[in-house]
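Notes follow the structure.
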Amino acid sequence: MSMAQQAEPALGRPPGSGPKESDGRTTRRPLALRLLARPEVGVFLGAAAVVVFFLIAAPAVRQGSSMATILYQSSTIGIMALPVALLMIGGEFDLSSGVAVISSALTASMLSYQLTMNVWTGVIVALAVSLAIGFFNGWLVVRTGLPSFLITLGTFLILQGVNLAVTKLVTGNVATDDISDMDGFAQARKVFASSFDVGGVQVKITVVWWLVFAALATWVLLRTKYGNWIFAVGGNKESARAVGVPVTFAKISLFMLVGLGAWFVGMHNLFSFNTVQSGEGVSNELIYIAAAVIGGCLLTGGAGSAIGSVFGAFMFGMVNQGIVYAGWNPDWFKAFLGVMLLGAVLINQWVQRTATRR
């Protein structure tokens, strides 16, 4: 025992009650810094600021029907932004996700109509096709070692061309035929594109699905072994492999999750509008990626959250519809999109530096 410790009782203080010295490595960081370390906190504050702004600038936003429309717009982005965010946490990108949505819808529509089958047959085949596209992307990335940016850019171009060419070949037009009078359509519409009443306001079922998927994705990331694998392969796949993480399975399954999301949104589009335009979906992948980035996902992988992508998608929906309700030129949406994306990247960088500062 040191002389200083022996002298403490003589000063009238019980042993161990004095201030403890620390070398700085075990000091508990302030609560504010620990909150800032959470990737979704910054985007939550940003989303709150956007809501307040449009509540003031566009009084129509205060109406229940307007907010339901904003939530619907957000949900169609958010359902895809969730698997895209998980994929980015795993260190990869998917530039084919936008046109993959249309590929799924086209598959279900044309198969059902041209073969006069129950639409659920087309839905199931479309699911298989979407998962196969995801598997193909993931398998190529793992097998070749090429950047997922290049692999999925190639898939994007392939799907874009196939969507247009096959649709024209089969239907003689750039859009599919109306399937609203086919067997199974009403049941499928209830699952993918129905609405329900809340206090006199019609809310789309996609809002519910979006929140359910977000809760499930958050649970997977934070409470399961698979969630740990996602963070591990995104941080350093070689280190992850060295400690027993199945890197190949994790990577391929993440791409297949994006395919699953593309299938669901594609089915929503089909059963909402009864027909599909084959040229749509281009550039939507950038919106999904941007929502994930705004939500706190790093471009380098290994960090992010599912909840953050929810707030990111909500910001897109709020800005997109808020501009319309405010009576502004909708062309400003792209400008807002760029500002939000750059702001999110800078804020994420600042948050990282602040949260890790001793």
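Odds and ends about this structure:
- Counted by Cβ distance under 15 Å from A193, the other residues give a net charge of +2, where Lys and Arg count +1 and Asp and Glu count -1.
- Rounded accessible area of Y325 (nearest 10 Å², 1.4 Å probe): 70 Å²
- Inter-centroid distance (Cα atoms) of segment 191-264 relative to segment 297-335, Å: 19 Å
- Neighbour net charge for S96 - beta-carbon separation under 15 angstrom, K R +1, D E -1: -4
- With a Förster radius of 41 Å applied to the beta-carbon distance between I56 and W219, the computed FRET efficiency rounds to 0.70.
- Per residue solvent-accessible surface (Å²) - the chain, probe of 1.4 Å: 50 Å²
- Ranked by the mean number of other Cβ atoms within 10 Å of their residues, highest first, the peptides 84-92, 278-286 fall in the order 84-92, 278-286.
- In segment 174-321, lysine pairs closer than 16 Å at Cα, eight or more apart or cross-chain: 4
- Surrounding net charge for F249, when Lys and Arg each add one and Asp and Glu each subtract one, Cβ distance under 15 Å: +4
- Peptides ranked, highest mean first, by Cβ atoms within 10 Å: ranges 268-275, 235-242: 268-275, 235-242
- Of all accessible heavy-atom area on the chain, the percent that carbon and sulfur account for (1.4 Å): 66 percent
- C-alpha center-to-center spacing [segment 52-105, segment 125-173] in angstrom: 22 Å
- The angle separating the long axis of helix 205-223 from the principal Cα axis of greatest extent in the chain is about 40 degrees.
- Highest mean first, the peptides 68-80, 169-181 sorted by other C-beta atoms within 10 Å per residue fall in the order 68-80, 169-181.
- Taking N as its residue count, the alpha carbon Rg of the chain over 2.2 N^0.38 Å: 1.19
- Dividing the summed -39500 (n - 2.57) terms of all DSSP H runs of n ≥ 4 by the residue count of the chain sets its mean residue ellipticity at 222 nm at -23500 deg cm²/dmol.
The values are calculated or read from the model by the stated rules, or taken from the named source; none is laboratory data. Bear in mind that the values here come from a model prediction, so they are computed numbers and not experimental data. Note: ideal-geometry Cβ built from the backbone for every residue, glycine included; neighbour counts use all protein chains shown. For accessibility, only protein heavy atoms count, side chains too; no ligands or nucleic acids. Shrake-Rupley method; radii C 1.70, N 1.55, O 1.52, S 1.80 Å.
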